[in-house]
Amino acid sequence: MIKDRLVGELLTRELARQRRGVELIASENFASLDVIRTMGSWLNNKYAEGYPGKRYYGGCEVIDEIEGLAIQSLCKLFGAGYANVQPHAGAQANMAVQLSLLKPGDAILGLNLAHGGHLTHGSPVNFSGMYFRAHSYGVHPDTGYVNMEQVREQALEHRPKLIICGASAYSRDWDYAAFRTIADECGAVLMADIAHPAGLIAAGLLSDPLKQCHVVTSTTHKTLRGPRGGIIIMGEDIPHPSGQTDKKGNPVMMGQRLNSAVFPGTQGGPLEHVIAAKAVAFREAQTEDYRKYAAQVIRNAAALAQALVDRGFNIVSGGTDNHLMLVDLRSKSITGKDAENLLIRADITTNKNMIPNDPEKPMITSGIRLGTAALTTRGLVEGDFVRIAEWIHALILHRSEDAVIASIKSEINRYMEGFPLYPGIEGL
Ligand code: DSN
């Protein structure tokens, strides 16, 4: 164990919690030990402000190779022509894109947070909604699918400089081509935030945003199963929409502006230990094993959604194309907050989540969001997810019976022993 016993014991307790529980938080995963070990390395010690070959510190020759490898591996994984691997998180990637393209007061258009969007896509409590005139589109009340007519109406009315597609709680694939047509019609730059489905896109199982979107951001720790972090990619570098030229008369490129927006625009020293771990994850995601994993994630989500529907639950949009689903709990007369608190008593981890047009407040909600990426890493397959639906159903049905909850918790803890996490590791 590490010398700091207090922290060491907490690390051990958290490992035990992760091992014994049914992890259904859609944005979480279990990174490989290679990823974890790379993050916990002496690369942490190095300052490397700047980019490979152009640093503000000496001694960066190894770091340059590491960051170069991460960029090259990321480009190969997505077929990208440009990559920046420095954003500390998805929010920083989105902030950099907005800084590279917009001036305060410019209009942007993204998916409403209450319909599954993300804070950084224009929420009034986030920089994106404070500094820019943020407008939003939603999902169709009848179908739960993104309302493309509304996207077009909003785009033509507000003429945003940036249109954002992508979400935190949306279970369907995206029609990037339709978004591009609208973006072209109103002269906007089109960005996709693929933080959630990135790994499934890399595996070729969902539509490819790089073909249609000018710029794509992501996190690296959700379906992509890497370290906690962010990235920015483009299919190919393009001239910056301002049309500006440099001293030699060459167009200023978008990639150049994005790099400046990450550093020095919004960040200082890059986390090279995390960038090295990103390189490990990008290389893992190119293996046949990872492609099989990604396909299993989707099959498991479909099985879980169907098993819940079979037990009287409603899924927003009726199902899922990706790794997650939004469960509308109103048919079970329980709020999202109460369901989250109930399920955790049996070691099932979820998060309460607004459903579109939710009558409840954001801290209460009428839904929970469930995802299959983490448990698929543990080795669970379709039949196991039917079992999970049975547990969720039984817990909600017997919500006031402590003995039933305790018995399901014991059953879950025994069950999860069959799916070892980091076998042989007892702590740090
Ligand atoms: N917090 C992330 C999620 O859970 O989806 C998004 O930033």
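The values are calculated or read from the model by the stated rules, or taken from the named source; none is laboratory data. Computed from a predicted model, the values in this text were never measured in an experiment. FYI the Cβ positions are ideal-geometry reconstructions off the backbone, even for glycines, and counts take in every protein chain you see. Just the protein is used for accessible areas: all its heavy atoms, side chains included, with ligands, DNA and RNA removed. Shrake-Rupley method; radii C 1.70, N 1.55, O 1.52, S 1.80 Å.
Excluding the sites themselves, what is the longest stretch of the chain that contains no trypsin sites (Lys or Arg not before Pro) in a DSSP loop with at most 12 other C-beta atoms within 10 Å?
No qualifying site falls inside 4-246, the longest such stretch.
Test of understanding: extend the Cα→C-beta vector of Tyr415 to 7 Å, then name every residue of the range 314-358 with backbone N under 11 Å from that spot.
It comes to 347-348, nothing else.
Which ³J(HN,Hα) values, rounded to whole Hz and listed in residue order, are derived for the range 51-66 from phi using the Karplus coefficients 6.51, -1.76 and 1.60 in 6.51 cos²θ - 1.76 cosθ + 1.60 with θ = phi - 60°, glycine and proline given as x?
10, x, x, 9, 10, 9, 9, x, x, 9, 5, 6, 4, 4, 5, 5
Identify which of Gly122, Gly371, Gly249 has the largest mean-square fluctuation in a Gaussian network model of the chain, with springs joining Cα atoms closer than 10 Å.
Its mean-square fluctuation being the largest, the pick is Gly249.
With every protein chain kept in the model, how would you rank Asp34, Asp289, Asp208 by accessible area, 1.4 Å probe, largest at the top?
Result of the area sort, largest leading: Asp289, Asp34, Asp208.
Given a 1.4 angstrom probe, I'd like the percentage of the accessible area of the range 107-155 that is carbon and sulfur, rounded to a whole number.
52
Near the amide H of Tyr82, under 5 Å away, which other amide H atoms are found, from residues 5 or more places off or on another chain, if H is placed in the peptide plane?
Counting only residues 5 or more places away or on other chains, the set is Met234.
Per 5 Å bin, what percent of the C-alpha pairs of the range 349-398 does each bin hold, from zero upward?
Taking every Cα pair in the range 349-398, the percentages come to 4, 18, 20, 21, 19, 12, 6, 0.
Which whole-number value in Å³ per residue fits the convex hull of the alpha carbons of the range 1-154?
Cα-based convex hull of the range 1-154, divided per residue, equals 207 Å³.
Could you give the size of the charge dipole of the chain about its Cα centre, using +1 on the Cβ of each K and R and -1 on the Cβ of each D and E, expressed in debye and rounded to the nearest 20?
Magnitude of the dipole: close to 580 debye.
Round to the nearest 10 and give me the degree value, 0 to 90, for the angle of helix 176-186's Cα axis relative to the longest principal axis of the chain.
Helix 176-186 sits at roughly 40 degrees to that axis.
Write out the GluC sites (Glu not before Pro) in the range 372-417 meeting two conditions: DSSP loop, and at most 15 other Cβ atoms within 10 Å of their Cβ.
Glu401
What range in the chain is the longest one free of chymotrypsin sites (Phe, Trp or Tyr not before Pro) that are in a loop by DSSP and have at most 15 other Cβ atoms within 10 angstrom?
Counting only loop sites that pass the neighbour cut-off, the longest clear stretch is 58-428.
Please list the non-local residues whose amide H lies under 5 Å from the amide H of Arg133, H modeled 1.01 Å from N, same-chain partners needing a gap of 5 or more.
Excluding prolines and chain starts, which carry no amide H, the hits are Gly105, Asp106, Ala107, Ile108.
For the chain, modelled as a GNM with alpha-carbon contacts under 10 angstrom, which of Asp173, Asp310, Asp237 fluctuates the most?
With Cα springs under 10 Å in the chain, the top fluctuation among Asp173, Asp310, Asp237 is at Asp310.
Return one number: the angle in degrees, 0 to 90 and rounded to the nearest 10, between the long axis of the Cα atoms of helix 148-158 and the longest principal axis of the Cα atoms of the chain.
Roughly 40 degrees, rounded to the nearest 10.
Helix 272-284 sits at what angle to the longest principal axis of the chain, using alpha carbons and giving 0 to 90 degrees rounded to 10?
Between the helix axis and the principal axis of the chain, the angle is about 70 degrees.
Taking the Cα centre of the range 90-206 as origin, sum charge times position over the Cβ atoms of Lys and Arg (+1) and Asp and Glu (-1), and report the length of that vector in debye to the nearest 20.
So the dipole magnitude of the range 90-206 works out to roughly 340 debye.
Might you work out the accessible area of Leu343 for me, using a 1.4 Å probe with all protein chains in place, and round it to the nearest 10 Å²?
Counting only protein heavy atoms, the figure is 0 Å².
Decide, for the range 179-334, between rounded, prolate and oblate: order the square roots of the alpha carbon gyration tensor eigenvalues as a ≥ b ≥ c, take rounded if a/c falls under 1.5, and otherwise choose prolate if a/b is larger than b/c, else oblate.
prolate
Under a 10 Å cutoff between Cα atoms, tell me which one of Thr245, Thr223, Thr349 has the largest fluctuation in the Gaussian network model of the chain.
Thr245
Computed from the mean reciprocal separation of all distinct C-alpha pairs, what Kirkwood hydrodynamic radius does the chain have, in Å?
About 22.5 Å for the chain.
List, largest first, the extents of the alpha carbons of the range 109-199 along their principal axes, each in whole Å.
Projected onto the principal axes, the Cα atoms of the range 109-199 cover 29, 27, 27 Å.
Can you work out the accessible area per residue across the chain, with the rest of the protein chains kept in place, probe 1.4 Å, in square angstrom?
Ligands and nucleic acids excluded, the result is 43 Å² per residue.
Mind listing the long-range amide H neighbours of Ile368? Cut-off is under 5 Å, sequence gap 5 or more, other chains count too, H placed in the peptide plane at 1.01 Å from N.
Val327, Leu329, Asn353
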